[in-house]
Amino acid sequence: MHSKSIVQEKTTCYHCGEDCNEQNIQIEEKSFCCEGCKMVYEIINQNGLCEYYDISENPGITQKIKIRAGKFDFLEDQSVQQKLIHFSEGVQKHVIFYLPQMHCSSCIWLIEHLPKLNKGIVKSQINFPKKEVTIIYNSDSVSLKSVVELLSEIGYEPYISLNDLSSSKIKKYDKSKIYKIGIAGFCFGNIMLLSFPEYFSSGNMEDTGLKTLFSFLNLGLSIPVFFYCASEFFVSAYKSLKQKFLNIDAPIALAVLIAFIRSIYEITTFTGAGYLDSMSGIVFFMLIGRFFQNKTYQSLSFDRDYKSYFPLGVNVIYGDGKEKQIPVSKIKVGDRIKINSHEIIPADGMLFMGKANIDYSFVTGESLPVEKSIGEIIYAGGKQIGSAIELEVIKEVSQSYLTQLWNNDVFKSDKAEQKTSFIHAVSRYFTYVLFSIAIVTAVYWSINDSSRVWNAVTSILIVACPCALLLSSTFTNGNMLNILQRLKFFVKNENVLERISDADTIVFDKTGTISLQSQSTIKFDGIELDARQQQLIRTIANQSNHPLSKAIVTHLPFQRSLSVKNYIEEKGKGSSAIIDGESIKIGSAKFVLLERSTLSEDDGSKVYVSINNEIIGRYIIKTKYRNDLENVISSLKPNYTLALISGDNNSEEHKLKNIFGDKTELLFDQHPQDKLNYIKELQNKGHKVIMIGDGLNDSGALQQSDVGIAISDDINNFSPGCDAILDGKQFNQLKQLFDYCKKEKSIIFGSFIISILYNIVGLYFAVQGDLSPVIAAILMPVSSISIVLYTTTLSSLFARKIKT
């Protein structure tokens, strides 16, 4: 009987790793702690997903606590579903859930394979830093309730809060860290106070009764520190050891454990006062350091995810029919907004006017447009294909949702994610070396001076913790991304910073990129236009988001738009429509079927106009180029190969050659596909290409390039295919912005060197037993804070060279 009991204590659950003390349920020699874990294994096994258990040992979540029947019945309520569903088109629904149980790569692997567990689930995509999953499912095949029940059955019950659905579904702030710091600080302070007599008497207190009393009082105060305050270090270390991996909490946990056990031994055997002051100090200062790190990282994440992230503008229509462009972040429920052709819809709205033909490929990957009738709901992320429409906003803009669209796998090309973090690998080997040094030091001092063993070993385990190494990359990239955001250069992620650093070629678009259409001079060359003709031309130009169309709208007097039918816009060519019963076209000469022109030639971009297939003239738009364009180009020439590729004609080729130089390749009359092919040719020759365009006719080229940058001049030209968005006002700082991105590697390298030097100096004193563990515990978070200050200060100093 006794032997059997011992065997059961050593049996762990194949699924979750918990002890099978109460019962030992077996399938094919695999033991499970409960029926729940067994059921999850059977689900995974039946669907051929047992690779889940190969990624890490015992990766699952314990199922001992059963989910009560009917717990998710509230998800059958339509009003609840509307609040939870982010997107709905036909039978396809999109939901985002917060999964607090996610902790390792096995979790990611299993959750992203949900479509194999239920065929009604189309896709499951993880955002691991935020512990969120985006699930796309077919409502004809599976209900929202069934999706949540499936997640719960495999151990990942979503955290659903219907009280705060408008914001991120992250749980409320965890105050336990504050409680732990408070308790650890209280106990540490009192232990130090009760230890003063021991300090001042050099361990030779005459009153043994008081000495014993103070020692046991210290022991009592240390118990909540050890079992509650330090618990997160032990849990983290235990999980890493279960997966046969040493994380950065392992040496911390070992140091606390050694100090606590040694102290209990000395106090209970009356051979000393122990190291409870050091142990509680270690925990207290480590918790403070962690709290500071977490708060700073959360601040970085908050800035990146929830502030007004893109420089998007949207036209709001007021009662008098006039339009005003405002930032999308200021849109309110009830506003009437106008969406031009090929514009992204920034907020959920009800179609108020016009014919909607929505391309939801940004959301679903399906490029076939969907027609919507007046009164139907149109979701954020769709793109209007056709004439301008008006929407009444029913839900405020969610910038985090636009951010998610920007990072959607639908738009990810084969751009290499070059930045693989070598720091994590270094920290792992650093931990192995650290344990080796601790063992060698312990052996050495146990032979030569046993009184120094505990001080030396615990100091080594604390002072050389590789936390600072991990902070180097995280805080450098996070702070640089935030600074670039303040400089109106919105970079998608840290990988883009490295790709900018590696680039050797920059390709510019012309219209809306290096030119300022709002400040161009416009004249009409043709018959004298009457008020109706002007109204027709303004109406069709007002449907498009193209810079030349915008310039024409600005040039013509304000008039109420007429009814538009059969609107078609061909990128790089022009637009056609039936307006108030008349056929009208604007665009290139070839597009409006002009075989031969007798109109006078002139420099500038030309937009031809025909009404009822009769050419009535053309707008000649003389380009106003961006301020300091010549200086920007001349500053980039020494470090980059430059090229210009434009859909416009070559009427301004001579002027552009004076700006770019004779050696720069200038290509005109290029269609969107031509631009993409040109980028591809450069890449095939081994070049790393930055494409800078306006986000309209350049979306393919922006996505194909190594770094695609869309220029924004207070217009809605957000392109999910791009890697960064630059405010047009910052164009003159382009060289300085690129130089700043290149500083990333040098800052990380510098902080890495500081951390290594710190560890070498700390270890030098620690191995000699001359460094108190409590001093080591103070120095460890100081090291981490110094890395944060270094990266923050240096990245901020480099940014001062860039004008805002």
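Using a Förster distance of 22 Å, how high is the FRET efficiency between Phe435 and Phe227, based on the Cβ-Cβ distance and rounded to 0.05? Can you show the working numbers first?
Details: r = 24 Å, r/R0 = 1.11.
In this case the efficiency is close to 0.35.
Just how far, in whole angstrom, is segment 324-383 from segment 218-241 if you go by their alpha carbon centroids?
Between the Cα centres of segment 218-241 and segment 324-383 lies a distance of 53 Å.
Quickly rank 701-711, 148-158, 378-388, 628-638 as a protection proxy: mean count of other C-beta atoms within 10 Å, highest first.
701-711, 378-388, 148-158, 628-638
Based only on Cα atoms, what mean projected area does the convex hull of segment 649-759 have, in nm²? Walk me through the numbers before you get to the answer.
Working: hull surface 40.0 nm².
Computing the convex hull of the Cα atoms and averaging its projections yields 10.0 nm².
What is the packing order of peptides 210-216, 605-611, taking the mean over residues of other C-beta atoms within 10 Å and listing the highest first?
On the way: 210-216: 16.0, 605-611: 23.6.
Taking the mean over residues of other Cβ atoms within 10 Å, the ranking is 605-611, 210-216.
For Glu570 and Ile178, what does the FRET efficiency come to when R0 = 41 Å and r is the distance between their Cβ atoms, rounded to the nearest 0.05? Write down the numbers at each step before the final one.
Details: r = 60 Å, r/R0 = 1.46.
Efficiency for this residue pair is about 0.10.
Return the carbon/sulfur percentage of the accessible area of segment 660-715, one whole number, probe 1.4 Å, all protein chains in place.
Details: 940 of 2270 Å².
Using a 1.4 Å probe with all protein chains present, segment 660-715 comes out at 42 percent carbon and sulfur.
Accessible area per residue of segment 566-694 at 1.4 Å probe, in Å²?
On the way: 6450 Å² over 129 residues.
Here the residues of segment 566-694 average 50 Å² of exposed surface.
When the Kirkwood radius is taken over all Cα pairs of segment 605-679, what Stokes-Einstein diffusion coefficient follows at 20 °C and 1.002 mPa s, in µm²/s? Write down the numbers at each step before the final one.
Numbers: Rh = 14.4 Å.
The Stokes-Einstein estimate is 148 µm²/s.
Could you check the simple spin-label distance between Ser329 and Ala531, using points 7 Å along Cα→Cβ, in nm with one decimal?
Going by the 7 Å Cα→Cβ label model, 4.3 nm.
What order do you get for 788-795, 686-693, 524-531 when each peptide is scored by the mean count of other beta carbon atoms within 10 Å, highest first?
Details: 788-795: 18.9, 686-693: 22.8, 524-531: 12.9.
Averaged packing, sorted descending, gives the order 686-693, 788-795, 524-531.
Measuring from label point to label point, each 7 Å out along Cα→Cβ, what is the Asp502 to Tyr444 span in nm?
Simple spin-label model gives 4.2 nm for this pair.
What distance in nm separates the two pseudo spin-label positions at Phe74 and Ser88, each 7 Å out from Cα along the beta-carbon direction?
For Phe74 paired with Ser88, the spin-label model returns 1.8 nm.
First compute the accessible area of segment 314-378 with a 1.4 Å probe, then give the percent of it belonging to carbon and sulfur atoms.
Working: 1650 of 3020 Å².
C and S fraction of accessible area: 55 percent.
At 0.36 nm per residue, and after removing the present C-alpha to C-alpha distance, how many nm does the segment from Phe291 to His654 gain when stretched out fully? Walk me through the numbers before you get to the answer.
Details: separation 363, 0.36 × 363 = 130.68 nm, distance 6.06 nm.
Net length gain for the segment: 124.6 nm.
Mind scanning Lys322/Lys624; Lys523/Lys590; Lys116/Lys355 and naming the pairs with a C-alpha gap bigger than 32 Å? Let's see the in-between values first.
Working: Lys322/Lys624 27 Å; Lys523/Lys590 20 Å; Lys116/Lys355 39 Å.
Pairs exceeding the cut-off: Lys116/Lys355.
Cross-link list Lys680/Lys745; Lys655/Lys729; Lys492/Lys743; Lys663/Lys743: which exceed 25 angstrom alpha carbon to alpha carbon? Write down the numbers at each step before the final one.
Values: Lys680/Lys745 27 Å; Lys655/Lys729 22 Å; Lys492/Lys743 17 Å; Lys663/Lys743 29 Å.
Where the Cα-Cα span goes over 25 Å, the pairs concerned are Lys680/Lys745; Lys663/Lys743.
Between Glu665 and Thr521, how high is the FRET efficiency from 1/(1 + (r/R0)^6) when r is the Cβ-Cβ distance and R₀ = 41 Å? Nearest 0.05. Spell out each step's value before the answer.
Values: r = 28 Å, r/R0 = 0.68.
Plugging the Cβ-Cβ distance into 1/(1 + (r/R0)^6) gives 0.90.
By how many nm would the segment from Lys322 to Lys624 grow when fully extended, if each residue of separation counts as 0.36 nm and the alpha-carbon distance is taken off? Let's see the in-between values first.
Details: separation 302, 0.36 × 302 = 108.72 nm, distance 2.67 nm.
Result: 106.1 nm gained on full extension.
The values are calculated or read from the model by the stated rules, or taken from the named source; none is laboratory data. What you are looking at is a predicted structure, and each value in this text was computed from that prediction instead of being measured. Please note: Cβ atoms are built from the backbone with ideal geometry, for glycine as well, and neighbour counts cover all protein chains shown. In case anyone asks, the SASA skips ligands and DNA or RNA and just uses the protein heavy atoms, side chains included. Shrake-Rupley method; radii C 1.70, N 1.55, O 1.52, S 1.80 Å.
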